[in-house]
Every structure is written in C-alpha cells, then in structure tokens.
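In what follows, a structure is listed as structure tokens, so that the remarks can point back to it.
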Amino acid sequence: MKSLLNLLFLLPVIFSFGQNGFPATWEGKWKGTLEIHAPIGKVQELPMELHILPIGDSGHFTWTIIYGEDKEAGKRPYELIPLDPAKGLYAIDEKNSIRMEGYLLGGKFHQWFEVEGSLLVTTTWLDGEALYWEITVSGTKPVSVTGGQEWEGNEIPPVKTFPVLSMQRARLVRG
C-alpha cells in the first residue's frame with residue numbers, strides 16, 4: 001500500500017517535469033548521415049535531415065524528414081501534433097490519411113507500427129547537441145516460440161521471437 005501511495009504522489013511530478021520541454025527543446029533543422037544496416041552489416045549511407053519547427057502558435061511542429069541528396073524527391077513533410085503532452089502522447093500526421101501515435105517516454109519519442117508485413121519501431125532522442133533517429137524493422141512471423149509450459153512448478157508463458165531484418169540510425173546536428 002505504501003508503494004502505491006508513493007506512486008500516486010510521484011505521478012504529478014513525473015508528468016510535470018518528465019517531458020523536458022519536448023518538442024520545443026528539439027526545435028531546429030537537424031542534418032547528418034543515415035546508416036542502414038542489415039544482418040550482413042552496413043549496406044548503405046545517405047544524407048538525412050529532420051526539421052522540427054513550430055507551425056504558428058498552434059502547438060504543432062513540422063516533422064519533416066529528408067532522405068538523400070535530392071531534397072524534394074526525398075522530402076516527407078509530416079506534422080507532429082500534441083494529443084495529450086502531459087501523458088507524453090503525440091501523433092505524426094503523414095498528410096496522406098496516415099496518422100500514427102507516438103509516445104514520449106524516458107526522454108525519447110517512440111513509435112511502433114506495422115505496415116505491409118513488417119513491424120517497425122522508431123525512436124528519436126536528444127543527447128547533448130545531437131539528435132538521434134533510429135528505426136528497427138522486424139518481420140511479423142515468429143522465428144521461434146519457446147516457453148509455454150510448466151517449469152519447476154511455475155507456468156511459463158509462451159515467448160515469440162521475431163526476426164530483426166534491418167536497422168537504420170542517424171546522428172543529426174543542428175545545421
């Protein structure tokens with residue numbers, strides 16, 4: 001009971017101070033190199049930018065990703081929309097009928113979604129003067145299922161393992 005009371009006491013503190021001024025403290029035009037890795041190693045590098053800029057006084061921000069040298073062909077003009085910032089809940093609007101929730105947890109912005117048979121986890125975080133953007137891609141069909149049985153008197157739940165197919169990472173600095 002005491003730990004529950006402690007948690008209830010800490011919740012307002014967590015929600016008040018845990019968001020670190022996001023997204024305003026991340027504002028800027030960030031530039032760097034995106035590295036794409038497959039199980040065989042690094043397979044590609046290309047320029048990447050992430051523009052996080054306020055849109056008027058709406059509380060919305062651009063979340064424009066630019067891949068490659070051709071800044072028009074590689075441009076993805078998304079928008080970051082606050083849904084419930086006190087709870088770390090935002091959305092990325094891709095402006096094409098796709099709108100995905102994102103969650104600010106532990107100072108990192110997370111999205112987890114499935115598209116065309118792949119699971120993707122995107123994490124973006126600010127560390128000092130650098131902004132990191134990372135996406136991990138997995139298949140949706142498990143490569144193994146273990147557990148699911150009794151072990152030494154305990155019922156062990158089944159655990160599914162999914163293949164990690166690729167990982168993309170960029171270290172970006174304000175440019």
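List of remarks:
- Filter pass, T25 being of a type in the set (V, I, T) and open to solvent by less than 50 Å² (accessible area, probe 1.4 Å): no
- Note on the stretch 99-149: among residues that are open to solvent by 50 Å² or more (accessible area, probe 1.4 Å) and not in a strand (DSSP E or B), the one that is farthest from V159 (Cα to Cα) is E129.
- When R76 is tested against the conditions (1) surrounded by fewer than 12 Cβ atoms within 10 Å (Cβ to Cβ); (2) closer than 20 Å to I36 by Cβ, the lone failure is (1).
- Verdict on Y132 being within 20 Å of L53 (Cα to Cα) and in contact (Cβ under 8 Å) with a residue 24 or more places away in the chain: yes
- Contacts under 8 angstrom Cβ, first residue in the stretch 147-160 being among the charged types (D, E, K, R), partner assigned to a loop (DSSP other than H, G, I, E, B), 6 or more apart: K160/P142
- Residues of the stretch 71-95 satisfying the condition of being closer than 20 Å to W133 by Cα, assigned to a loop (DSSP other than H, G, I, E, B) and of a type in the set (D, E, K, R): K71, E94
The values are calculated or read from the model by the stated rules, or taken from the named source; none is laboratory data. Given the structure is predicted, the values throughout are model-derived calculations rather than measurements. Every residue, glycine as well, gets a Cβ built from its backbone with ideal geometry; the counts of neighbours run over all protein chains shown. We work out accessible area using only protein heavy atoms, side chains counted, and drop any ligands, DNA or RNA first. Shrake-Rupley method; radii C 1.70, N 1.55, O 1.52, S 1.80 Å.
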